[in-house]
Amino acid sequence: MTACCFRSSRAQRGSTWEHLYSFSLLFSVLQLSSEMGDITQKGYEKKRSKLIGAYLPQPPGVDQALPQERRTPVTPSSSSRYHRRRSSGSRDERYRSDVHTEAVQAALAKHKERKMAVPMPSKRRSLVVQTSMDAYTPPDTSSGSEDEGSVQGDSQGTPTSSQGSINMEHWISQAIHGSTTSTTSSSSTQSGGSGAAHRLADVMAQTHIENHSAPPDVTTYTSEHSIQVERPQGSTARVAPKYGNAELMETGDGVPVSSRVSAKIQQLVNTLKRPKRPPLREFFVDDFEELLEVQQPDPNQPKPEGAQMLAMRGEQLGVVTNWPPSLEAALQRWGTISPKAPCLTTMDTNGKPLYILTYGKLWTRSMKVAYNILHKLGTKQEPMVRPGDRVTLVFPNNDPAAFMVAFYGCLLAEVVPVPIEVPLTRKDAGSQQIGFLLGSCGVTVALTSDACHKGLPKSPTGEIPQFKGWPKLLWFVTESKHLSKPPRDWFPHIKDANNDTAYIEYKTCKDGSVLGVTVTRIALLTHCQALTQACGYTEAETIVNVLDFKKDVGLWHGILTSVMNMMHVISIPYSLMKVNPLSWIQKVCQYKAKVACVKSRDMHWALVAHRDQRDINLSSLRMLIVADGANPWSISSCDAFLNVFQSKGLRQEVICPCASSPEALTVAIRRPTDDSNQPPGRGVLSMHGLTYGVIRVDSEEKLSVLTVQDVGLVMPGAIMCSVKPDGIPQLCKTDEIGELCVCAIATGTSYYGLSGMTKNTFEVFPMTSSGGPITEYPFIRTGLLGFIGPGGLVFVIGKMDGLMVVSGRRHNADDIVATALAVEPMKFVYRGRIAVFSVSVLHDERIVIVAEQRPDSTEEDSFQWMSRVLQAIDSIHQVGVYCLALVPANTLPKTPLGGIHLSETKQLFLEGSLHPCNVLMCPHTCVTNLPKPRQKQPEIGPASVMVGNLVSGKRIAQASGRDLGQIEDNDQARKFLFLSEVLQWRAQTTPDHVLYTLLNCRGTIANSLTCVQLHKRAEKIAVMLMERGHLQDGDHVALVYPPGIDLIAAFYGCLYAGCVPITVRPPHPQNIATTLPTVKMIVEVSRSACLMTTQLICKLLRSREAAAAVDVRTWPPVLDTDDLPKKRPAQIYKPSNPETLAYLDFSVSTTGMLAGVKMSHAATSAFCRSIKLQCELYPSREVAICLDPYCGLGFVLWCLCSVYSGHQSILIPPSELETNPALWLLAVSQYKVRDTFCSYSVMELCTKGLGSQTESLKARGLDLSRVRTCVVVAEERPRIALTQSFSKLFKDLGLHPRAVSTSLGCRVNLAICLQGTSGPDPTTVYVDMRALRHDRVRLVERGSPHSLPLMESGKILPGVRIIIANPETKGPLGDSHLGEIWVHSTHNASGYFTIYGDESLQSDHFNSRLSFGDTQTIWARTGYLGFLRRTELTDANGERHDALYVVGALDEAMELRGMRYHPIDIETSVIRAHKSITECAVFTWTNLLVVVVELDGSEQEALDLVPLVTNVVLEEHYLIVGVVVVVDIGVIPINSRGEKQRMHLRDGFLADQLDPIYVAYNM
């Protein structure tokens, strides 16, 4: 889980598990006694309240004396288990049965004993503040389910009933023919006496987000003796660790670290040591194919055992003589013979009748609309709309009359209406997809009402703007006053229902796309007839409709079937329900309505608002249609509603749940019966069985069950079966869950304009096990999952859209939501605002939960709630949640009716734009299909390696540059052993030849040195050292100079005086505190007897800031070279032996180690000669150098090469580029330079800083066409992306792509490879990243998955030999094997210079020998992994060219899961994951991968990065990120060569010095 620590709140909380634990114990005692049947309901209640009274404080104002008559008599066959509710403000019961809440609480109680310590994430203070209360307008305490908002209220609870579970069990045990004895025995024991009584009666609370909607906050009920409980604050799960000042902890590396961060990491490590649920089989594949762990099916998983199901036929559709031949005919009939009969009554927000539409008015107005659509749009010759065209209907939810007139107007005009929601803004969630539907339907006209038209968003000119993705529409207002009267002779053409399209209903898919389901006129009519027969509708009945009349059940009953039967519809707008949730019940009483169409939400709201109103009488109702009865959570609403309103005349048999889908229209509906003795069917199913698609009546496991109610019988005239959800539509077995399919006339016929999808959904032929279709007629997939139970009752357990297949098991999003919402206390998130979906990561679906957090909840509370949700889901569903995110209130995208737009939420999550305020990720617990950890094999002996290489035709991987001894050249400098002699010779022979030119930031010459000037200056410095410094030969001198001429003079001055120079980067004036200690450290470690510098730096070293950073009294003597003596030395020092020390080279490696190496005079001269030969340097040449001159090749090029080769060096200090990024390239162009050297930092600065200026630079005459080598000086794997973008960017300015290359240097040899002037172009290969992790090289094609481009690191320098050796065994490796690069060369450094003289490292790094093969040669180990590959190209001397590819530093490589990872590869993936990640660095700590990302964006984006970083590392590297740290730009330390200092970063992180924006600990 991603946990978090918030910098603000560090409160230590104690947890009160004991209370809860004893509480759950008492509960189990009570449950037991009730199940044994020895305790009546009343006794149970009494005993319970007595036992738990001590634990539960009584909230004030709870009315315990609820009136007696509300209780129904409880018989053993009705529920013997009533469940009390705990109120928490306001609550949506629809989502939770109490059983489920109790199951969740019990599951959590189990976890409590285990006390899971999850480290909380840490969050920067500003982030915490920003999510404070006043930042948001809270949503109206919840939200609507499929429709808009919700109602507030406090709550009372209701018991539930569980009849019918007996026959259900019997049926299932019979269905499973050869069923196991356990099933049979369990069902038989439960069917005696009150056996069924202890069934878990209530529903497994299920949320439903149909159409991505969200349920409201609704509240609950208690029956007479139960106590309402506000859960005591202390009892919430407190798993936050207690850090005082995070006591000293032993970390995994055995290093005691005193810091908050490492304490947390330790805690995380401990948490991760807990065994994972799915056991991983312990074996490994020793090949490149790192096979992902394939989930092996559980051998004990339940399998369907029943016989093949039989298709279920509905009753015959009766033929009634007076049924009209079409719906328009019905309208004409009623409009002419009973024009005064009321058709529709609309209500205002006060519940007063606003308007009564009679059948006469409906008929005349519809005709008027029809006439105007056909004749008044466009011209006579060219009408805009013809019969058969599609037009869209845009009407608000409070104006059913206008909608009805427009809809029938379209039917009469034979135009196809496409009803949609009113667009509120130009960017409604999902509105683009609606626009796409309208466009594909060819809609050009939108019908709307006057009020709606006025309310649409307008442009400044008063035009209605084109909504995003919508076609251009003509808005047409349908009010009568705007329309012309049809002529007397005009009459609509009314014909019998045929196969023309009547209307198109939109449907939003799981992925957010919107489809149009076409319904033909015959289907429309047949559907009305089937509903009339099933519901027993008769003429002039009154029906109350609360549903959306534009689609689905609301349209079918409230607009269509009502007209066929001349019924009177009382339409309750949503806005009235918001104000008065009882309004629909009041209207039922007022109009003595026979039928009401509602959703479970409406029943809840009524319960919440109901305060024992005396005048309520529901005895007129013969049918209460529950439109979302197919949703498993509707059962608790039905039970609760019945329980309260039974005393108000509501009969049990009146409640009629139905199931519907846009494709199949009404799928099934419970018929209203007169027989009140026949209880509805219900089943208590095992959730575990359901995940395998198997129906099992639940027996022992009480925690994870789903209680479902039937949705009645198949529709008249239809056939139903269920088929396997995926693959061939094969009939299910009787105990198997499948997708319900229907064959009938009364269904949709296609998805408009999508023939392929239509075929898959509307033309399905279910197959029997023998392979034949069951009928010749096609079936339609309803999108509902369920089964047909005993007596032909249909049961629905979920939707195909809500299905998530995780590791082969199917989970329903609604079930997961239900469990999350049953976790107490609920006061941290909004009930209705929760979304569950799955994302695909590493070849499996992963569950993501997103909820809106209340603004008043604290970080810690929310975090506790989140960790408990994870535990609850884990216990009840046995599935891990991958990510749980909380977002600020009101920020999730909404559907037009106010629910959550699921696909849009998922889209935002995946692109990192969700901006959560809390994230908890658990990749460690969910991801169980990682490749097996690699186990190192026993090493193979040397003989076998030799034989193996011979057999496979592989040569030993070795290569060398040209042989220095055989190169004949007229190199005058060769005759001198020492550089100091070369300088004296040049000062005599070519005194006025310019060696160095230093440029300033304006590109003008700041300073230059000829041979003689340099020689004279060096002499004066030598005098100064001897006279003022009193130094002896061999003393060490630290040179602390900015990049420039002084540094060069000081270096040669030291050589002239016989001293050993050490170049040191001066402290940064703006950053003395961090840079000065490094200077001090080098001065001390190098044992410098004296320090030479400029006057300016001299002052800086003695300043107050310096005194605050270091102890200034311990500096060695400081000499200021701005004031030099005027005389020459008596003699210039000449070393006795070329092997003596010339200078020390100090550098901080990428792993943060400060290492000084010794360079002898012989090595220095050999080095210069090697570079001279490789780059063909002569006195007539000019070379531009833009590098830091303090160590490695940079120093050699800046200070030494010009003196040796005589060429002119144009020196450009890299710091000057910060003010003038074009400085370096302008100099290269101006001086017509052929060879130039830079660092990655410089190249990056040019790429980023000059990207948009290439045109203006061209205009200034910048020309890079003369450049033949542009070498990046580096000690790492070539950064191919950077060099390529640099080449591409400056190609227009004449830069040849082949000119750009890199070099390779390291501590033991400052330059091994360098792209010279001759020789083949640098090559690039693509290797398989997975093979690299196993230390193997496998070449692949460009663009293949997991491919990694590697560029050759320049050409091997003359006099250098390379071999690839196994770093562990020190044996030579074959060609194309990954190993450590070993080097043998005359310019190798001669050893480390350390105070401690660590001899073992010294000999290992500088004097290694191979363990077999050529055991005589002395090699230096570079510490870099790489490989050699013989190419088809030829070298300058005609040999085949061996290319050296560097993969990465051994010290930096991370061993994880037995494999070797290079940080740069993971970092590259992470930087690609989100546009706001500018830089990334990774390191490991106690075997956890820590990813640090720099965020270029607002701090609100910080938490978006956590899931994306985790996803990309899993997908591309098969690794689980342990900690994600989000920091500000510039926090990741980078050295002068532009390399990341990952170990410094690690130390800073563990010492808690990074000031991160957010730290997430993944569980």
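The values are calculated or read from the model by the stated rules, or taken from the named source; none is laboratory data. Keep in mind that this is a model prediction, so the values were computed, not measured. Positions of Cβ are generated from backbone atoms using ideal geometry, with glycine treated the same way; all protein chains shown enter the neighbour counts. Accessible surface is based on the protein model in full, side chains and every heavy atom, while ligands, DNA and RNA are left aside. Shrake-Rupley method; radii C 1.70, N 1.55, O 1.52, S 1.80 Å.
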> Among (1) crowded, with 18+ Cβ neighbours inside 10 Å; (2) without any contact (Cβ under 8 Å) to a residue 40 or more places away in the chain, which single condition is Gly1261 missing?
Replying inline: (1)
>> Checking the condition within 26 Å of Gln1284 (Cβ to Cβ), under 50 Å from the mean Cα position of the chain (by Cα) and among the hydrophobic types (A, V, I, L, M, F, W, C), which residue from Leu1211, Leu1250 passes?
In response: Leu1250
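Step by step: first the residues of the range 521-554, then only those that are polar (S, T, N, Q) and touching a strand residue (DSSP E or B) at 6+ places or on another chain (Cβ under 6 Å), then the one that is least open to solvent (accessible area, probe 1.4 Å). Which residue is that?
Of the range 521-554, the ones polar (S, T, N, Q) are 526, 529, 532-533, 538, 542, 545.
With the extra rule that they be touching a strand residue (DSSP E or B) at 6+ places or on another chain (Cβ under 6 Å), the set shrinks to 542, 545.
Details: Thr542: 25, Asn545: 4 Å².
Here the answer is Asn545.
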>> I'm trying to understand the selection: among the residues of the range 1281-1299, which are surrounded by 16 or more Cβ atoms within 10 Å (Cβ to Cβ) and touching a residue at least 60 places away in the same chain (Cβ under 8 Å)?
In response: Thr1283, Phe1290, Leu1293
> Of all residues in the range 1514-1539, which are of a type in the set (Gly, Ala, Ser) and farther than 18 Å from Met921 by Cα?
Replying inline: Gly1530, Ser1536, Gly1538
> Which pairs do you get when a residue that is within 24 Å of Phe1167 (Cα to Cα) and among the hydrophobic types (A, V, I, L, M, F, W, C), found in the range 1205-1227, comes within reach of a residue that is open to solvent by 40 Å² or more (accessible area, probe 1.4 Å) and not in a strand (DSSP E or B), reach meaning Cβ atoms under 8 angstrom, with the pair 6+ apart or on two chains?
Replying inline: Ile1210/Tyr1231
>> For the range 342-363: of the residues being outside any strand (DSSP E or B) and at pLDDT 95 or above, which is most open to solvent (accessible area, probe 1.4 Å)?
In response: Lys361
>> I need a count of the residues in the range 735-772 that are hydroxyl-bearing (Ser, Thr, Tyr) and touching a His at 6+ places or on another chain (Cβ under 9 Å).
In response: 1
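With the requirement that a residue be touching a Leu at 6+ places or on another chain (Cβ under 8 Å), assigned to a loop (DSSP other than H, G, I, E, B) and either open to solvent by 10 Å² or more (accessible area, probe 1.4 Å) or of a type outside the set (A, V, I, L, M, F, W, C) (or both), what does the range 733-753 give you?
Initial filter on the range 733-753 (touching a Leu at 6+ places or on another chain (Cβ under 8 Å)): 737-740, 746-748, 751-752.
Add one more test, that the residue is assigned to a loop (DSSP other than H, G, I, E, B), and what stays is 737, 746-748, 752.
Within the range 733-753, Ala746, Thr747, Gly748, Tyr752 qualify.
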> Is one or more of the residues making up the range 1117-1130 among the aliphatic types (A, V, I, L, M), out of contact with any Leu (no Cβ under 8 Å at 6 or more places or on another chain), open to solvent by less than 50 Å² (accessible area, probe 1.4 Å) and modelled with pLDDT of 85 or more?
Replying inline: yes
> Can you find a residue in the range 874-883 that is open to solvent by 20 Å² or more (accessible area, probe 1.4 Å), in a strand (DSSP E or B) and at pLDDT below 90?
Replying inline: no
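Assess whether Pro383 counts as being touching a residue at least 24 places away in the same chain (Cβ under 8 Å) and either surrounded by fewer than 23 Cβ atoms within 10 Å (Cβ to Cβ) or touching a strand residue (DSSP E or B) at 6+ places or on another chain (Cβ under 7 Å) (or both).
Numbers: touching a residue at least 24 places away in the same chain (Cβ under 8 Å): no; either surrounded by fewer than 23 Cβ atoms within 10 Å (Cβ to Cβ) or touching a strand residue (DSSP E or B) at 6+ places or on another chain (Cβ under 7 Å) (or both): yes.
No, not satisfied.
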>> Here is a check on your reading of the model: is Leu1177 open to solvent by less than 10 Å² (accessible area, probe 1.4 Å), of a type outside the set (Ser, Thr, Tyr) and within 22 Å of Ser1147 (Cβ to Cβ)?
In response: no
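Name the residues in the range 890-947 that are of a type in the set (S, T, N, Q) and at pLDDT 85 or above, would you? Walk me through how you get there before you give the answer.
Let us first name the residues in the range 890-947 that are of a type in the set (S, T, N, Q), namely 890-891, 895, 903, 905, 907, 913, 918, 925, 928-929, 935, 937, 944.
Within the range 890-947, Asn890, Thr891, Ser903, Thr905, Gln907, Ser913, Asn918, Thr925, Thr928, Asn929 qualify.
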> If you go through the range 594-611 one residue at a time, how many are surrounded by fewer than 24 Cβ atoms within 10 Å (Cβ to Cβ) and either basic (Lys, Arg) or in contact with a helix residue (DSSP H, G or I) (Cβ under 7 Å, 6 or more places away or on another chain) (or both)?
Replying inline: 3
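Are there any strands (runs of 3 or more DSSP E) wholly within the range 468-521 with 2 or more residues that are farther than 30 Å from Thr905 by Cα and touching an Asp or Glu at 6+ places or on another chain (Cβ under 8 Å), and if so which? So that I can check it myself, show each step before the final result.
On the way: elements: 474-477, 501-508, 514-520.
Fully inside the range 468-521 and qualifying: 514-520.
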> Condition test on Lys485, is it open to solvent by 50 Å² or more (accessible area, probe 1.4 Å) and on the phi < 0 side of the Ramachandran plot?
Replying inline: yes
>> Residues that are touching a residue at least 12 places away in the same chain (Cβ under 8 Å), more than 40 Å from the chain's Cα centre (by Cα), more than 20 Å from Val1148 (Cα to Cα) and open to solvent by 20 Å² or more (accessible area, probe 1.4 Å): does the range 1418-1425 have at least one?
In response: yes
>> Please go through the range 562-593 and give me each residue that is open to solvent by 10 Å² or more (accessible area, probe 1.4 Å), out of contact with any helix residue (DSSP H, G or I) (no Cβ under 8 Å at 6 or more places or on another chain) and outside any loop (DSSP other than H, G, I, E, B), ordered by number.
In response: Tyr574, Ser575, Lys578, Val579, Gln586, Lys587, Cys589, Gln590, Tyr591
>> I'd like the full set of residues that are free of Cβ contacts under 8 Å to residues at least 40 places away in the same chain, within 24 Å of Val405 (Cα to Cα) and open to solvent by 70 Å² or more (accessible area, probe 1.4 Å), limited to the range 446-471.
In response: Lys454
> Can you tell me which residue in the range 1426-1459 is farthest from the chain's Cα centre (by Cα), limited to those that are farther than 14 Å from Lys1355 by Cβ and among the hydrophobic types (A, V, I, L, M, F, W, C)?
Replying inline: Phe1427
> Any residue at all in the range 1321-1340 that is open to solvent by 30 Å² or more (accessible area, probe 1.4 Å), at positive phi, touching a helix residue (DSSP H, G or I) at 6+ places or on another chain (Cβ under 8 Å) and in contact (Cβ under 8 Å) with a residue 60 or more places away in the chain?
Replying inline: no
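Against the definition (within 21 Å of Ser1202 (Cα to Cα), in contact with a strand residue (DSSP E or B) (Cβ under 6 Å, 6 or more places away or on another chain) and open to solvent by 20 Å² or more (accessible area, probe 1.4 Å)), how does Glu1139 come out, yes or no?
Working: within 21 Å of Ser1202 (Cα to Cα): no; in contact with a strand residue (DSSP E or B) (Cβ under 6 Å, 6 or more places away or on another chain): yes; open to solvent by 20 Å² or more (accessible area, probe 1.4 Å): yes.
Criteria not met by Glu1139.
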> Of all residues in the range 1010-1036, which are open to solvent by less than 10 Å² (accessible area, probe 1.4 Å) and either under 60 Å from the mean Cα position of the chain (by Cα) or closer than 21 Å to Cys1201 by Cβ (or both)?
Replying inline: Cys1011, Leu1014, Ala1018, Ile1021
> Within the group Ser661, Ser647, which residue is of a type outside the set (Val, Ile, Thr) and within 18 Å of Val742 (Cβ to Cβ)?
Replying inline: Ser661
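Got at least one residue in the range 1436-1452 being part of a loop (DSSP other than H, G, I, E, B), buried (at least 21 other Cβ atoms within 10 Å of the Cβ) and modelled with pLDDT under 90?
Start the filter on the range 1436-1452 by keeping residues that are part of a loop (DSSP other than H, G, I, E, B), which leaves 1436-1439, 1450-1452.
Subset that is buried (at least 21 other Cβ atoms within 10 Å of the Cβ): 1452.
Filter once more, so that each one left must be modelled with pLDDT under 90: 1452.
Yes, because at least one residue in the range 1436-1452 is part of a loop (DSSP other than H, G, I, E, B), buried (at least 21 other Cβ atoms within 10 Å of the Cβ) and modelled with pLDDT under 90.
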